[in-house]
Amino acid sequence: MAVRQTVAWCYRGGSISTEPRINDRIRVPEVRLVGPSGEQVGIVPLAKALELAQEYDLDLVEVAASARPPVCKLMDYGKFKYESAMKAREARKNQAHTVIKEMKLRPKIDPHDYDTKKGHVVRFLKQGDKVKITIMFRGREQSRPELGYRLLQRLAEDVQDLGFIESNPKQDGRNMIMVLGPHKKKTEAMAEAREAQAARKADAPATTTRRDRATDEEPTEAPVEEPTEASAEA
């Protein structure tokens, strides 16, 4: 009955610990023991393994519960958990997600607006993101698809140092779509951004010091005396 209740509780969403068993939580008569430096000690009784753990001031950690007998290792479990968490955090930090940005243009776009939109596309490509360019046709513009095609080709040529045409221009209803892919991978762009940020932080104190020194060396002007009432009347 107790087993059925436990199974039902797990099925209803109860949390199941994924952490390995350590020290007194290990409930087997013998284990295959691995020493602190990775050396193979062999199959020993559980009591002997726990005794060695106390002798080395370490934890006995079950690293392969499905083995027969289970494999246990002598280690500092607290330090092991901390290092594992730091590695996982670093992996998430360096993980790159593919992002597709979108930029919409009109066939008869103003030159200033074009430069602004192109600036955004350049920024996205530098960040390692893909960019979906959409040309929106309205009214009679739909009969002039060549205007959108030429605009997309012009934009692709203007940013060819940073990206390439991943998906050629194609008509999609009232729109024409093209996808630009970055030459740099997302991970490379992220690494360069972190390096640039670190360089700016390192250069900031020196720049501030030079600015303060220049301010201190500037000659001070003599105060200008206000005219007295007598001289003003004269």
Taking 189-197, 127-135 and ranking on average Cβ neighbours within 10 Å, highest first, one gets 127-135, 189-197
In this structure, the FRET efficiency calculated for ALA85 and LYS118 from their beta-carbon separation, with R0 = 41 Å, to the nearest 0.05, is 0.45
The long-range amide H neighbours of HIS183, using H built 1.01 Å from N in the peptide plane and a cut-off of under 5 Å, are GLY163, PHE164
Note on region 86-153: contact order normalised by length, alpha-carbon pairs under 8 Å, 6 or more apart, percent, works out to 40
For region 67-185 the mean separation of alpha carbon contacts under 8 Å (6+ apart) over residue count, i.e. relative contact order in percent, is 25
Among region 117-158, those whose backbone N falls under 13 Å of a label point 7 Å along Cα→Cβ from ALA202 are none
Under the 7 Å Cα-to-Cβ spin-label approximation, LYS185 and GLU19 lie apart by a distance in nanometres of 3.5
Expressed as a percent, the accessible surface of region 64-177 that is carbon or sulfur, using a 1.4 Å probe and the full set of protein chains, is 48
Placing each pseudo-label 7 Å from Cα in the direction of the beta carbon, SER167 and GLU102 end up separated by a distance in nanometres of 1.1
Sorted on mean Cβ neighbours within 10 Å (highest first), peptides 161-167, 69-75 come out as 69-75, 161-167
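The values are calculated or read from the model by the stated rules, or taken from the named source; none is laboratory data. These numbers come from a predicted model, not from an experiment. Note that each Cβ is placed from the backbone with ideal geometry, even for glycine, and that neighbours are counted across all protein chains shown. Heads up: the accessible areas ignore ligands, DNA and RNA and are worked out on the full protein's heavy atoms, side chains in. Shrake-Rupley method; radii C 1.70, N 1.55, O 1.52, S 1.80 Å.
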